[in-house]
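All remarks here apply to the structure that follows.
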Amino acid sequence: MSTHSITVAGVAVDTRHFIGGERVASTETFTDVSPIDGSTLGEISRGTAMEAAAAVAAAKAAFPGWAATPRAERARILHAIADGVDKRLEELAIVETTDNGALLRSHRRGVMPRVAHNFRFFADWLLTLGHEDFDTRGHTNHVSWDPAGPCVLITPWNAPLMLATWKIAPALAAGNTVILKPAEWTPLTASLLADIATEAGLPAGVLNVVQGYGSEIGDALTSHPDVRRISFTGSVPTAQHIAASAAANLTPLSLELGGKSPLLVFADADLDLAVDLAVEQYDNAGQVCLAATRILVEESIAEEFTRRFVEKAQQLKQGDPRDEATDIGPNIHPRQLEKIDGFVQRALAAGARAVIGGHRNEGQYYAPTLLTDVAQDSEIVQEEVFGPVLTLQTFTTEQEAVRLANGTRFGLAATVATGDRARAERVTAQLVAGTVWVNCFFVRDLQAPFGGSRQSGVGREGGTWSFDFYCDLKNTVTAPKGWKDHG
C-alpha cells in the first residue's frame, strides 16, 4: 500500500490532491477522524496557495479543449461517470458513512443513487438546452450558452458527495472545468470521485480536487483572477468571507447557506402526517440545511401534537450508523457537538424546557431534543444549530403563523401541514422561502430551482437555472441585409 493511500472499511483511498490528472502530495497533512467512534482514518494532504494556483492553472489549461468538446460527447462522459458511481456504490457508501457518520442505509438507497442521477440528469438536460431564435424588426436574435471557464466549488460535510456532484455535474456539462474543495472534515469520497472520473475518460485538468483549510487554500482559490464562477454551500459567515474575496475580480457567486426553516401545523392537518414530518427533521442527526427546526403548531392541537411527537421520537434508535436499525447517527465533530450543546444549555438557562433530550450522549452523539417555552427573539429560535434540536411554538391565527414563520433572517425552506387547499395557497404565497413543501418534506426534483432568500443564499441552481449560472449567455443579433453571394 502506498504511503499516500489509506484503507477505509476495506476501500483504498488516495490521500493526495488530484491536479491536472495527477496525484499531488503536500508537505503538510491534516488528520481525518471518523465521528462514529473518534478513530483516526488517516493523514490527508493539506493544501496551500501553491496547490490552489496549480489547480487553477490546470483547469485553465484544460478549459479550451473541454469547452470545445461537442455536447453529445460531454454528455457521454458524464453518463460514464454515473456508471462508475453505480459500479462503486457500496464502496462510496461505506467510505462516506465512515467519514461523516450519516446512515449507511441512506447512503446505499438514496444518497449514492442520487450522486449518479446528478450526472445523468445534467448530461441529458444539456442536450435539450437552448432557446428558439426570435425576431426583432426582421433581425434574428440567437441565444447561445457559452462555457464560463474554471469554476471553484466549495462543498460542506453533511452530504459531501451528493452536494459536490450537484455542483460538479452542471458545471462540467456546461463545458467548464472544475476545482473542487471538499470540506476538511469529509475529504474521502471526493478523492474516489476523481478516480471514477478518470476511469470514465474525463480529460486531465477538467476536474481537480484540492484538500485543506479555508484560510490556507480557500482564499487563494476564491480570489484567483482566472476563476470565472464560485459556488459555495455552507455558513453565512464563510459566505461573507468568500464574497469579499471574490469581489476584487467580480467573480459571480452562487451561495446556498444556512436555514432556520419553519414547519407550520394547522389544526385541520392530518395530525399523524404532521408528527411524521416533524420527527423526520432529526434526519442526519439534524445536520440538514433544509430541516424545519422551528415547529409552529396551532394552539388548539399543541398538546395532542406534542404527546404524539414525543411518543414517536422516543422510538428513534441512536447509535452506529452502519447498523441497519439505527435512525440517528453521530454529529460530525467534537467542535460541532460543543456548538450544539452550547445552544441548548443557553436556551435552558434562559427558561426553555426540554420536552425530550437536552443533553449529550456518549461519544459524538447528541440526544434528539425538543425545546418549548422559547421566545421568538431568542437565540435558539433565531440561529441555526445544525444538530438534532427542534423548538416548538404555538400560534392562534393564520396571520400569526406566517409572522412567526417569516420572523428570522433566513429564508431557505418551509413546510406546511394543512388539510385546507385554500389555506395552503394563502400561506405559501406569503412565506419567504426558496422551497415550500405542503404535506410533504424533502421531495426534490433536479429540474426545479433551488436556493434561499434573505441570508439563506444568493442565486438559484437546478435545471436551466444551473446553466444560467455556469454559462455566459450570449445574444447574437443578425441583420437581414449586407450579405454578399460567394456562390
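The values are calculated or read from the model by the stated rules, or taken from the named source; none is laboratory data. This structure is a prediction, so every number in the text was calculated from the model and none was measured. All Cβ positions, glycine included, derive from the backbone under ideal geometry; neighbour counts span all protein chains shown. These area figures cover heavy atoms from the full protein model, side chains too; ligands, DNA and RNA do not enter into them. Shrake-Rupley method; radii C 1.70, N 1.55, O 1.52, S 1.80 Å.
Below 8 Å between Cα atoms, with a sequence gap of 6+, how large is the relative contact order for the stretch 432-477 in percent?
28 percent
So for Trp465, Trp125, Trp437, what's the accessible-area order with a 1.4 Å probe, most first?
Trp465, Trp125, Trp437
Report Arg335's accessible area, 1.4 Å probe, all protein chains in place, as a number in Å² to the nearest 10.
Using a 1.4 Å probe on the heavy atoms, I get roughly 150 Å².
Which whole-Hz couplings ³J(HN,Hα) result when phi for each residue of the stretch 45-60 is put into the Karplus expression 6.51 cos²θ - 1.76 cosθ + 1.60, θ = phi - 60°, listed in order with x for Gly and Pro?
4, 9, x, 10, 4, 5, 5, 4, 5, 5, 5, 5, 4, 5, 5, 5
Using the Karplus curve 6.51 cos²θ - 1.76 cosθ + 1.60 with θ = phi - 60°, work out ³J(HN,Hα) for each residue of the stretch 341-356 in order, rounded to whole Hz, and write x for Gly and Pro.
Result, rounded to whole Hz: 5, x, 4, 5, 5, 5, 5, 5, 5, 8, x, 5, 10, 8, 6, 9.
Can you tell me the dipole magnitude for the stretch 65-221 around its Cα centre, using point charges on the Cβ only (Lys, Arg +1; Asp, Glu -1), in Debye to the nearest 20?
Here the size comes out at about 320 debye.
About the Cα centre, and with charges only on the beta carbon of Lys, Arg (+1) and Asp, Glu (-1), how big is the dipole of the chain? Nearest 20 debye, please.
Values: 42 positive and 58 negative charges, 220 e Å.
Computed about the Cα centre, the dipole is about 1060 debye.
Quick check: with the 1.4 Å probe, what order do Ser466, Ser300 take by accessible area, largest first?
On the way: Ser466 0, Ser300 95 Å².
Reading off the accessible areas and sorting them downward yields Ser300, Ser466.
Could you tell me which residue out of Thr408, Ile340, Thr397 lies farthest along the dipole of the stretch 328-417 toward its positive end? Charges go on the beta carbon: Lys and Arg +1, Asp and Glu -1, centred on the Cα centre.
Ile340
If you line up the long axis of helix 302-313 against the longest principal axis of the chain, both from Cα atoms, how many degrees apart are they, to the nearest 10?
70 degrees
Tell me, what is the 1.4 Å probe accessible area of Thr435, in Å² to the nearest 10?
Rounded to the nearest 10, that gives 20 Å².
With n ≥ 4 as the cut-off for DSSP H runs, can you work out [θ] at 222 nm for the chain, using -39500 (n - 2.57) per run divided by the number of residues, rounded to the nearest 500?
One gets -11000 deg cm²/dmol as the mean residue ellipticity at 222 nm.
Based on the mean of other Cβ atoms within 10 Å per residue, sort peptides 446-456, 144-154, 178-188 so the most packed one is first.
Values: 446-456: 18.7, 144-154: 22.9, 178-188: 25.4.
Ranked from most to least packed, the peptides come out as 178-188, 144-154, 446-456.
Please report, as a whole percent, how much of the solvent-accessible surface of the chain comes from carbon and sulfur atoms (probe radius 1.4 Å).
That fraction is 52 percent.
What does the charge dipole of the stretch 1-125 about its Cα centre add up to, to the nearest 20 debye, if the Cβ of each Lys and Arg holds +1 and the Cβ of each Asp and Glu holds -1? Provide the component values of the computation, followed by the final result.
Values: 14 positive and 15 negative charges, 110 e Å.
Computed charge dipole of the stretch 1-125: roughly 520 debye.
Under 5 Å between amide H atoms, partner at least 5 residues away or on a different chain: which partners does Tyr366 have, H built in plane at 1.01 Å?
Counting only residues 5 or more places away or on other chains, the set is Asn331, Asn361.
Each residue of the stretch 191-206 in turn: what ³J(HN,Hα) in whole Hz from Karplus with 6.51, -1.76, 1.60 and θ = phi - 60°, glycine and Pro shown as x?
5, 5, 4, 4, 5, 5, 5, 5, 5, 7, x, 5, x, 4, x, 6
Cross-link list Lys181/Lys317; Lys60/Lys484; Lys260/Lys317; Lys87/Lys312; Lys167/Lys339: which exceed 32 angstrom alpha carbon to alpha carbon?
Lys181/Lys317; Lys60/Lys484; Lys87/Lys312
Compute the helix-to-body angle for 421-430: its Cα long axis versus the longest principal axis of the chain, expressed 0 to 90° and rounded to tens.
Roughly 70 degrees between the two axes.
Given Cα pairs under 8 Å that are at least 6 residues apart, what percent is the relative contact order of the chain?
17 percent
Tell me the label only: which of (1) 161; (2) 140; (3) 177 is volume of the Cα convex hull per residue in Å³ as calculated from this structure?
Checked against the structure: label (1).
Order Met162, Met50 by their accessible area, 1.4 angstrom probe, all chains in place, largest first. Don't jump to the answer; show the numbers that get you there.
Details: Met162 35, Met50 140 Å².
Largest accessible area first, the residues go Met50, Met162.
Which residue, chosen from Ile380, Ala352, Gly363, occupies the Cα position most advanced towards the positive end of the dipole of the stretch 293-386, where the dipole is computed from +1 (Lys, Arg) and -1 (Asp, Glu) charges on Cβ about the Cα centre?
The residue sitting farthest along the positive end of the dipole is Gly363.
Could you grab the relative contact order for the stretch 235-339? Cα pairs under 8 Å, six or more apart, rounded to a whole percent.
Details: 101 pairs, mean separation 24.7, N = 105.
Computed value for the stretch 235-339: 24 percent relative contact order.
Rounded to the nearest 10 degrees, what's the angle between the helix 71-87 long axis and the longest principal axis of the chain, both from Cα atoms, 0 to 90?
40 degrees
Please calculate how many Å² of accessible area the chain carries per residue, with a 1.4 Å probe and no DNA, RNA or ligand atoms counted.
With all protein chains present, the chain gives 40 Å² per residue.
At a Förster distance of 60 Å, what's the computed FRET efficiency of Asp270 paired with Trp483, Cβ-Cβ distance as r, to 0.05?
With R0 = 60 Å, the Cβ-Cβ based efficiency is 0.35.
What is the calculated FRET efficiency for Arg335 to Cys440, with r their C-beta to C-beta distance and R₀ = 30 Å, to the nearest 0.05?
0.35
Counting only DSSP beta bridges with both residues in the stretch 336-483, tell me the antiparallel percent, nearest 5.
Here the share of antiparallel DSSP bridges comes out near 50 percent.
Compute, for Phe134, the solvent-accessible surface of its heavy atoms (probe 1.4 Å) with the complete set of protein chains present, and express it in square angstrom to the nearest 10.
Around 100 Å² of this residue is reachable by solvent.
Given a Förster radius of 45 Å and the C-beta distance between Asp124 and Gln382 as r, what FRET efficiency does 1/(1 + (r/R0)^6) yield to the nearest 0.05?
0.60
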